[in-house]
Amino acid sequence: MMDLQQHAETLASFCKLGYELDAKVVHNLQATSARAMAHEVSVDSSVPGHGKAPAADHATEVAVHLAQQGASTVHPVGQLWVASFEAATKHALHTLSLPDLGATMHALEVMNASLSVTWLRTAGDAAIIWLVNGGGAASSMRQGSRPALSVVPAQGCSLDQLASLFASLATLGCKMSHEVLQNAVAAHGVAGAAALHGMPAGALADLSWGLCTLGAHPGRKWVMAALEATHMKLQVMPAKQAIRALSMFAALQCRPYDAWLRDFDQRMRSVALPGTLDCEDLQLLLNALVTFGYKPDHQLCTNLVHHLERLVSCMSAAQLQALSYSMSALFPKMRDRKMRNVVAEMQRRLRYITAVD
């Protein structure tokens, strides 16, 4: 059996060559890497002084490359892989560099990983260390303690890296220190009102959405600055980031002004939605539209329904339930062929889920 390092090197070689592995091969590599990680954990626990960092490095590399190859964690083998991954990495997350930590969280997000509260809390603490100290003081912190310093951009960290990390943590359901989140959006924080206008479009949407989803509660001045900054950059935002910006304002119970919403409609019509959004993105969009009571124009409605038809087959029962509520609120009179196809797909998916359960 290949060890964990060999799994990492094999997957890295295929990814560097741009070679897309067969789904069955990816599934098998996911299963064998899960066993390899479990073996590394057993060695760590049985051999005094055996280092944990190398195993964690290889495990995170495997995660990144499996995500690149389209691996998922929504099946039994995937769930076993997540359990083995948590055990192999939980003691070494604070040793990862910001790029490695961000890439790992993004990979887990792409694979739809369902992670334990304890592991996510550890990942959140590692992210906080990067925000506060640039990672330099990680080893000196007592286990379980949380920094109380004002948040400033970590030395050597790019805003894009921080934004990607915090957006992934929010998507994965992480819980973080309220004090640090508030410091991040304070006047002189990394995402303070004065800093928003200078951020790249993608980082602006990802970082502000991530921090607010994680539990930050910025004041009115910050919200107004975020509205202006996101509106200025809306036409160059990717579809995912534009949706996150809209969802952030829904979470803050702040309805964007009409010009903002009109430009959002235009942006959604101008990008190719199929292939760019996943189930979570679509759920964020529909939830935000329902929250604001905003009905998109007919062209955007048609595009959304077409996109729904493509994604229904991979939705969970909870997502189907949320989708049915959103559709009844947004499209109460839409009865064309595409809408009937979506409803039929939802019924087939629900029958499959209930049969499996």
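Using a probe of 1.4 angstrom and keeping all protein chains present, the accessible surface of the chain works out to 46 square angstrom per residue. Protection proxy ranking of 73-84, 199-210, 16-27, by the mean of other Cβ atoms within 10 Å over each peptide's residues and highest first, is 199-210, 73-84, 16-27.
Take every pair of alpha-carbon atoms less than 8 Å apart whose residues are at least six positions apart; their mean separation over the length of region 184-313 yields a relative contact order of 23 percent.
Which percent of the accessible area of region 179-222 is formed by carbon and sulfur heavy atoms (probe 1.4 angstrom)? Answer for region 179-222 is 56 percent, counting heavy atoms of protein chains only.
Using only alpha-carbon positions in the chain, the gyration tensor eigenvalues give semi-axes of 35, 29, 16 Å once each is multiplied by 5 and square-rooted (largest first).
Each Cα pair under 8 Å and six or more residues apart adds its separation to the average, and for region 303-357 the resulting relative contact order is 59 percent.
Report in % the part of the accessible area of region 245-301 that belongs to carbon and sulfur, leaving out ligands and nucleic acids; probe 1.4 Å. Accessible surface attributable to carbon and sulfur in region 245-301 totals 48 percent.
Cβ-Cβ distance of Asp22 and Met224, R₀ of 56 Å, FRET efficiency by 1/(1 + (r/R0)^6): the value works out to about 0.65. Between their Cα atoms, which of Lys16/Lys240; Lys16/Lys90; Lys175/Lys233; Lys16/Lys338; Lys221/Lys333 are more than 31 Å away from each other? From the list (Lys16/Lys240; Lys16/Lys90; Lys175/Lys233; Lys16/Lys338; Lys221/Lys333), the Cα-Cα distance tops 31 Å for Lys16/Lys338; Lys221/Lys333.
Per residue, the average separation of C-alpha pairs within less than 8 Å and at least 6 apart gives the chain a relative contact order of 10 percent.
The values are calculated or read from the model by the stated rules, or taken from the named source; none is laboratory data. Source: prediction; values computed, not measured. When we count neighbours, we look across all protein chains shown, and the Cβ atoms used for this are built from the backbone with ideal geometry, even at glycine. Accessible surface areas use protein heavy atoms only, side chains included; no ligands, DNA or RNA. Shrake-Rupley method; radii C 1.70, N 1.55, O 1.52, S 1.80 Å.
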